[in-house]
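The values are calculated or read from the model by the stated rules, or taken from the named source; none is laboratory data. Not measured: the values here are computed from a predicted model. Backbone-built Cβ (ideal geometry, glycine too); neighbour counts: all protein chains shown.
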Amino acid sequence: MSYRSHATASFPSATITPAQGGLPVEVNLIAQLGHGAGSQLVASAQARQRAHPSFIDELDEPSAQLGGMHLAQGDTTSLYTFAVGAKGHPFHRHAGHRVFTAVSGSGGALLRFSTATADDLAADPANFARLLRHVSIPPDCLFTVRFGGGTWHQFLPLNPRSQHPAFFALSCHTNELGGELDPALRQKVMDGEASIPALTEVLPAAVQAWMAHTPPDQLHVPLMALALEAAPDSLQVKLCGFARRIVGTLRARLAALGHAGGFLRETLGWQTVVELDGPDPDSLLHAELAEGFDHEDAFRLAVSQRQPCGVRAEILLADVLEGFVNDPPRGVSHLMALRNALVKPLGLRTSHLGCPVSSLLGPVDKHVFAGRFPVHTQYVSPDGSYAQVILGANDRHLRFRSCVAVRITDGRVDVSMGTRVRCHNAFGRLYIRAIRGVHRRYVSPAMMRRAVAYALPAHTLHKAAWT
C-alpha cells in the first residue's frame with residue numbers, strides 16, 4: 001500500500017470532495033490532550049448526558065438536545081451532545097448539514113464517509129464502497145468535523161478490538177429544518193420534538209446486504225491519517241498510543257466513580273461592589289480618627305431598580321447589620337478563625353466577624369441603633385431616606401472605625417461601608433500592611449454582598465413593593 005506523509009504548520013486537516021459536487025467533508029485536528037484524558041472526558045460527559053431530561057439512547061448513538069430552535073425569533077439552529085462507544089454505530093445520514101466538535105477516546109477514532117448519492121446506490125450498491133473514504137483521529141484529541149446533508153457516515157474506534165469509546169461530541173445543527181425532510185418529520189421538528197435518531201436515515205437494505213458480504217476492511221479504502229505529536233505510524237505514535245490506552249482505562253474508571261452532575265452559581269448584577277476614592281461627603285466617618293489614620297477605604301453596593309416603597313433607610317440598615325451578624329460569608333469566617341488563632345497568644349481582641357463590623361457583638365450600652373446594635377454614633381435623616389452608623393473598637397495595636405450607611409434615592413438603594421484604621425505601634429502598622437490587600441479585595445466586598453442579600457429579601461417577605 002502506498003502512502004505519503006508531510007508536516008503542516010497549523011491544524012492538520014483532511015478534506016473529502018464529493019465527485020458529484022456539493023459540500024465537502026472537512027476534518028480538523030485541533031489539540032492533543034493529556035494521556036488518558038479522552039476516555040476520562042467521555043466517561044464523565046456521558047454520565048451527565050444520561051441524566052439530561054432529553055437523553056435518548058438509540059442507534060448506538062446516545063444523545064441529548066441541549067438547545068432547540070427558537071422559531072419565533074427566526075432561529076433554526078439546535079445544539080446536541082452525542083457519544084459513540086467502543087462498538088461504533090451503523091452507517092447513516094441526515095438531511096441537514098452537521099458541524100461538531102469532539103474529543104476522541106484514548107484508543108483513537110476512525111471516521112468513515114461515503115459521498116454516494118441515491119442514484120449511485122440505485123445503479124449499483126458497490127458504488128457506496130467505491131466512494132468510501134476514511135479519516136483516522138489519534139487518541140485523546142480535540143477535533144472538528146463538518147459535512148453537508150446527505151453524506152453517509154459511520155464513526156467507531158480506531159482499533160475494532162478497542163475497549164475505549166470513539167469520542168464524545170457537541171453537534172450544531174445549523175438548520176434543523178434543512179434538507180429534504182418528509183412532511184411528517186418536518187412537522188415533528190417544528191413542534192419541538194426533534195432528536196438525533198428521528199433525523200437519522202440508515203443505509204438501504206440492498207446496500208446493507210452488499211456490505212455484509214463485502215466488509216470495508218476487506219477493501220482498499222483511501223485513508224487520511226491525522227496526527228499531532230509525530231508522523232502517523234511512527235514508533236513514537238505507536239508507543240504513545242499504547243501508553244494512552246493504559247492510562248485512559250484507569251482514568252475512565254476513576255471518572256465513573258466521581259460526581260456526575262455539576263453546579264450553578266448565579267450572581268445578580270446588583271451585587272457588584274465598587275471601591276470608592278473615599279467616604280461620601282456627608283459620611284460620619286470624616287469625624288472619626290480626625291487626628292490621623294494609617295488606612296482608609298470605602299465601598300458601595302448599588303441595588304438598582306429595587307427601591308422599597310414605604311420602607312425607611314433605618315429599617316433597611318438594621319437588616320443589613322443583622323445580616324453581618326447572622327449570615328457572615330463562610331470564607332471570611334475561616335480567615336477570622338485563622339487570624340484569631342494567630343493573635344490570641346498576643347492578647348489581642350478576637351471575633352468571628354470581620355473586623356469592620358466585629359463591634360456589633362460587643363456589649364450594648366447607651367449608644368444603640370434599632371434597639372439592639374451597639375454603635376459609636378448614628379444619624380437618620382428626617383425624611384427617612386438616609387441612615388448611617390459608626391462601628392469600631394480599640395485594641396492594643398490599632399483602633400478602627402467603620403461607617404455603614406443606607407441611602408434610598410429614586411430607583412435604587414445604595415449600601416456603603418467605609419473603614420479608617422489608626423495604628424498604635426510598629427506591630428499595628430505591620431499588621432495592617434499584611435491584611436490590607438485581602439481586606440480590600442475580598443473581606444469587605446464579600447461581607448457587603450452577603451449582608452445585602454440577607455436584608456433585601458426580608459422586605460420582600462414583608463410585602464414591600466419593589467419597582
Worksheet item: Applying the selection to the range 415-443, what residues are out of contact with any Asp or Glu (no Cβ under 7 Å at 6 or more places or on another chain) and among the hydroxyl-bearing types (Ser, Thr, Tyr)?
Response: Tyr431, Tyr442
Worksheet, complete the sentence: Matching residues in the range 384-405 (under 21 Å from Val325 (Cα atoms) and not in a strand (DSSP E or B)) number 1
Worksheet item: Across the range 348-393, what is the total count of residues that are of a type in the set (Ser, Thr, Tyr) and under 20 Å from Val443 (Cα atoms)?
Response: 4
Response to the item:
Those residues of the range 371-383 that are in a loop (DSSP other than H, G, I, E, B) and either closer than 22 Å to Phe299 by Cβ or over 43 Å from the mean Cα position of the chain (by Cα) (or both) come to a total of 6
Discussion item. Any residue at all in the range 338-345 that's in contact (Cβ under 8 Å) with a residue 24 or more places away in the chain and either of a type in the set (A, V, I, L, M, F, W, C) or part of a loop (DSSP other than H, G, I, E, B) (or both)?
Written reply: no
Worksheet item: For the range 31-83, which residues satisfy the criterion of being surrounded by 15 or more Cβ atoms within 10 Å (Cβ to Cβ) and closer than 30 Å to Ala9 by Cα?
Response: Gln32, Leu33, His35, Gly36, Ala37, Gly38, Ser39, Gln40, Leu41, Val42
Worksheet item: Is it true that Arg244 is surrounded by 13 or more Cβ atoms within 10 Å (Cβ to Cβ), part of a helix (DSSP H, G or I), among the charged types (D, E, K, R) and out of contact with any Leu (no Cβ under 8 Å at 6 or more places or on another chain)?
Response: yes
Fill in: Of residues in the range 384-397 being under 43 Å from the mean Cα position of the chain (by Cα) and without any contact (Cβ under 8 Å) to a residue 60 or more places away in the chain, the one surrounded by the fewest Cβ atoms within 10 Å (Cβ to Cβ)
Ala393
Worksheet item: Do we have any residue at all in the range 12-26 that's in a strand (DSSP E or B), closer than 19 Å to Pro165 by Cβ and modelled with pLDDT of 95 or more?
Response: no
Discussion item. For the range 87-106, give me the residue count where each residue is surrounded by fewer than 18 Cβ atoms within 10 Å (Cβ to Cβ) and either out of contact with any strand residue (DSSP E or B) (no Cβ under 6 Å at 6 or more places or on another chain) or outside any strand (DSSP E or B) (or both).
Written reply: 2
Worksheet item: Would you pick out the residues in the range 247-273 that are at pLDDT 85 or above and assigned to a helix (DSSP H, G or I)?
Response: Val247, Gly248, Thr249, Leu250, Arg251, Ala252, Arg253, Leu254, Ala255
Worksheet item: So which residues in the range 27-52 are assigned to a loop (DSSP other than H, G, I, E, B) and either within 19 Å of the chain's Cα centre (by Cα) or not assigned by TED's automatic domain parsing to the domain that holds Gly150 (or both), if there are any at all?
Response: Ala51, His52
Worksheet, complete the sentence: Phe128 passes all but one of the listed conditions (1) modelled with pLDDT of 95 or more; (2) not in a strand (DSSP E or B); the exception is number (1)
Worksheet, complete the sentence: With criteria (1) out of contact with any Phe, Trp or Tyr (no Cβ under 6 Å at 6 or more places or on another chain); (2) farther than 20 Å from Leu111 by Cβ; (3) without any contact (Cβ under 8 Å) to a residue 40 or more places away in the chain, Ala64 comes up short on (1)
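One line per residue, one yes/no per condition, for (1) at pLDDT 90 or above; (2) surrounded by fewer than 18 Cβ atoms within 10 Å (Cβ to Cβ); (3) small (Gly, Ala, Ser):
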site	(1), (2), (3)
Gln307	no, yes, no
Ala318	yes, no, yes
Glu322	yes, no, no
Asp327	yes, yes, no
Val332	yes, no, no
Ala341	yes, yes, yes
Lys344	no, yes, no
Gly347	no, yes, yes
Worksheet item: Out of (1) in a helix (DSSP H, G or I); (2) of a type outside the set (S, T, N, Q); (3) closer than 21 Å to His213 by Cβ, the odd one out for Ala116 is which?
Response: (1)
